[in-house]
Every structure is written in structure tokens, then in C-alpha cells.
1. Anything over 31 Å Cα to Cα? Flag those among LYS43/LYS291; LYS224/LYS381; LYS43/LYS224; LYS43/LYS473; LYS381/LYS473, in the order listed.
2. DSSP H helices in the chain with Cα extent of 20 Å or more along the helix axis and mean Kyte-Doolittle hydropathy at least -1.0?
3. At 4 °C and 1.567 mPa s, what whole-number value in µm²/s does Stokes-Einstein give for the translational diffusion of the range 431-548, with Rh from the Kirkwood sum over Cα pairs?
4. Rank-order 32-43, 315-326, 175-186 by packing density, defined as the average count of other C-beta atoms within 10 Å over each peptide's residues, highest first.
5. Accessible area per residue for the range 1-119 in Å², computed with a 1.4 Å probe and the full protein assembly in place, what is it?
6. Placing +1 at every Lys and Arg Cβ and -1 at every Asp and Glu Cβ, with all other atoms neutral, what dipole size does the chain have around its Cα centre, in debye to the nearest 20?
7. What is the antiparallel percent of DSSP beta bridges lying wholly in the chain, to the nearest 5?
8. Compute the signed sum of charges (Lys and Arg +1, Asp and Glu -1) over the other residues within less than 13 Å, Cβ to Cβ, of PRO20.
Amino acid sequence: MTGIEREAMEYDVVIVGAGPAGLSAAIRLKQLDADLSVVVLEKGSEVGAHILSGAVLDPIGLNKLIPDWKEKGAPVNVPVKEDNFYMLGEAGQIRIPNFAMPPLMNNHGNYIVSMGNVCRWMAEQAEELGVEIFPGMSCSEVVYGENGEVKGVVAGEFGKNPDGTQGPNYEPGMELHGKYVFLGEGVRGSLSKQVIAKYALDAKSDVQKYGLGMKEIWEIVPEKHRIGTVTHTMGWPLDSNAGGGSFIYHLDNNQVYVGFVVHLNYKNPHVFPYMEFQRFKHHPMVAELLKGGKRVAYGARAISEGGFQSMPQLAFPGGALLGCAAGMVNVPRIKGNHNAMLSGIAAADAACEAIKAGRSGDELADYNAAVRKGEIGRDLKKVRNVKPLWSKYGLLASLGIGGADMWMNTLGIGILGTLKHGKSDALATEPADKHKVIDYPKPDGKLSFDRLTNVAFSFTNHEESQPSHLRLKDPDIPVQVNLPTYAGPSARYCPAGVYEFVGTGEDTKFQINFQNCVHCKTCDIKDPSENIVWTVPQGGDGPNYPNM
């Protein structure tokens, strides 16, 4: 929308996203120079409302940022006591011995946490240092300067009608300008996508790859609870349909995080990731653990899985990409929060030096170098071939060859070089007539649940009178292309039941129930026609995760 006059506020650094990356950057900036003006803009209703992660936290980033975090009361209280890896079959499991796993897979010294609660605590630390944090402020546009640099963002636009016109209570929002703008929106951020495209930041990097992570919090009977136990599984129920696996983390208060990840490069459009997750809970090992318990929360989000070779250029004129916005997840470890924190620290260091030197609006080349050559780069480089091996040759090859490659890289020997990922996840989808329909068991309402019932446990809410934040490049493609060619995969790949085809024959229509959206971004990634664009709804809308 053009021709809108907005007030502007000036800061030294503007940060989009109150996740571990953005908050780490904010804290570090104020630690380095208390006089810097720093603002953090968060689209969730509160800090942590949109944070969903496993999570087993490697404290390396937290140790560097706030060394006395224990004394300051960080909600990091459950050390890992036991580490289990299993290969599942439909009726049983085989344990993979810990000694066979590369040292980087060891979780001892790490902590089972709620990253939502960690971020809430980090926000308190930031505010004590003088950082301004504004939740409920979606950033809907990038503001560019006279020389084409990123100058700021538009935040807090409210009151549009469903057709996009200005409603009677329209508020234009504000422009927040910074000498530097950090984008810490998380995976597949809407502004990050625009900036990557504008400056061709991915011109020299491999294609980014993704997974869909789904998670439930369960309260289980006390006799089955083993605080500090971490379990990862591979194999059933996915088998050859898709890559992925599960995690089961025993935290405190008789609670267990039960999660399931499906790699989004699957070929068969009949794959239904959410139902694979629900089926997984009926495995005898898992069912026995959950029996007698109750699910108390649900959520989902995409995970960047491309790793080292898929990271774009991190600095752009006027700012930087942080954490998952740039794809810093270590896939075999299923960890990215430590790298997100380290990236925020590195970006803050570079920006502070630049501002001290009287610079603004230029590229923070020091940040890009610090990430690639520092702790983050070393962490990701060791595991760079696991994902492409899994994608091309399957699970057993990734365990065997990928495991050996990780061992060798740990010793500083890179035999395989750096493998390529190939197609994007959208283009990996094949026509439906090349694959068999998958028959999924109906949820039983005790261990497994239908999507809409589970979405209620994400506490998601969107104001229905606003425009849909899920936009189609071409409104005809879903019915004319995706339904006949790919059997309408959006009705399955979305873990919140946002998309459905209603009616039959010539009366078939594509319906978008954007009110259900949990902001996972899968549709923006997996749509075979790349026809769906995820944008931000008005501030405060979306899931309200309690302690994900």
C-alpha cells in the first residue's frame, strides 16, 4: 500500500523477532555500549508466544552471553541424564549404542528446556539493560533508504478490511529506523525472504532445505517419568515415505515433550506429516509411556535443514540475518538455539564496532566472517553431508556413511567434500499418479487426535475481519493444477488444517481457514507450484504457546 504517511522513530539498532537470536543481539549490544538505543519487535502477543523448539539446549551461547545465568534464575534447570537412540520397527525397536555415535551427538552437559520460557527470561534481562521490547508488533514491510540500503521496518499496522482496504479503525503503524536492522524472524521469515531476494544473498549458496516439526506436551503418570531422559528415534512409521524422526524429552513436573520431524523433500504428495506423527504415538514403546497421561499443548513449525552449504550471505546493506532466518540448525543434533544465540552475539559485536566508527547502513562483513569461520561455522561444517546423504540414499546410508563422515570431520578430515542438496522441497514433490495413496488410521482421541482438536491446544487466534495473511500468487492454481496433478497436497502438508478443497467437480473451491494458522510456514515451502506466500497477520495474532 503506497501513499501512507507514518511517524518514524530512530534507533541505533532495530531487531525483528524476540527469539534467542534477536534477544541475544539486543543484550549484547547493551552490554557493549549502554548508550546504544535498541528496540526489539515481536509479532507474538507476548515474548515466547510464537517460540516452538524441541528443545535440548547446548548452553554454549548462553554461557558466552550471560555467564552467570544460573545465579540470575534462567529457566534452565533440567540437565540431560540419559541419552537414547532407537531405530523403530512397527512392533519393536533396536537401540543404537551411544559409543557408535560421533561425540557431537552426546547430550550430556546440555539441558531440556522450554525455549519459550528461556526467551521470556532473556527479554527480562534485555529490558533491565534498557532494551525496548514491543510484543504484538508485526513487521509488515521493509523500509529502504536513498541508496537502496535497509533503513528500517514498518510495524504495528492494524485495521485493514478483508479486501486489504483501510477499515474504519485503521492504524498505519510506524516506521522504525535503525543504523542497522537485524532480522531474527526465525525460519522462512517474510521480511528475510524479501531481503534475500532483493540482494541475491543466496546466489552462491545451495538451495535451502526444510523439515516440519510438530510437538505435543504431555503430562504422564509419575511412575513413568524419568526426568532428564532424552530419546531420539528414526525409522517407523515414515520408513521409505519420507525422512525424519522423533524426540521424547522428559522435563520436570511429570511433563514430556513428544515431537516428530518430517523432512519436507518427500516425493509422494499423499504423505500426511501430521498423521505420521499421530501414528508414531501408537508405537508400543511410545504408547506405553503416554498411556494414562494427557496432552496439554500442541504446536508446529518449519525447521531449516540445509545447513552450512545453504546459508546465504548473512550481511546486507543496512543489516543482517540472524539464527534460523539464515538456517543455522545442526540437523543431526536437532539443535539451532545455541547457534542462534551465537549469531546474535556476533552481529551485535560487528554492529557496535561499526557504529563506534561512525558507520551506518553498510554491510557488516565482519559478522559474515565471524559466523562462517567461528563456532557456528565449525559446528555446521562437521555435519554438512548428513542431510544430502539422507535425501539421496535414505536413512541407512545417512547412518552409515553420514556417521563416518561426521566422525572424520570431527578429526578434521573431510573425505566427501561438501555434497549438494539438489531440488527445493517444493520441486521434489512428484505427481500423485506416480505414488500410492497412504491409508492412515483414524485418531483414537486418547493417544492420537484430529488436527482441529489439536490446534485448539495451540491457543491460536486470528482476528477474522483482517485480510488473510496466506496469499495466493494465482488463485486458480490450487483447483486447476495442484488438485488434479498432486491430489491437493496442501490439505495434508499443513499441520493445522488451514487448507481444504470443498465441493466436487466444477463446483470445487479452495478454502483457506487462516484463523487456524500456527505460523509454521510449511505452505510457503512445500506447495509444489510455489503459489502460497506466507505473510504476517496483524500483531498479536497466531498461536499463544504456554511453554513450548
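The values are calculated or read from the model by the stated rules, or taken from the named source; none is laboratory data. It should be emphasised that the depicted structure is a prediction, and the values quoted were computed from it without experimental measurement. All Cβ positions, even for glycine, are placed from backbone atoms using ideal geometry, and neighbour counts span all protein chains on display. Heavy atoms of the whole protein, side chains included, go into the accessibility calculation; ligands, DNA and RNA do not. Shrake-Rupley method; radii C 1.70, N 1.55, O 1.52, S 1.80 Å.
1. On the way: LYS43/LYS291 37 Å; LYS224/LYS381 38 Å; LYS43/LYS224 38 Å; LYS43/LYS473 24 Å; LYS381/LYS473 36 Å.
In this structure, LYS43/LYS291; LYS224/LYS381; LYS43/LYS224; LYS381/LYS473 exceed 31 Å between Cα atoms.
2. 337-356
3. 83 µm²/s
4. Per-residue mean Cβ counts within 10 Å order the peptides as 315-326, 175-186, 32-43.
5. Result: 40 Å² per residue.
6. 1980 debye
7. 70 percent
8. Numbers: positive: ARG28, LYS64, ARG120, LYS335; negative: GLU42, ASP58, GLU185.
With Lys, Arg at +1 and Asp, Glu at -1, the net is +1.
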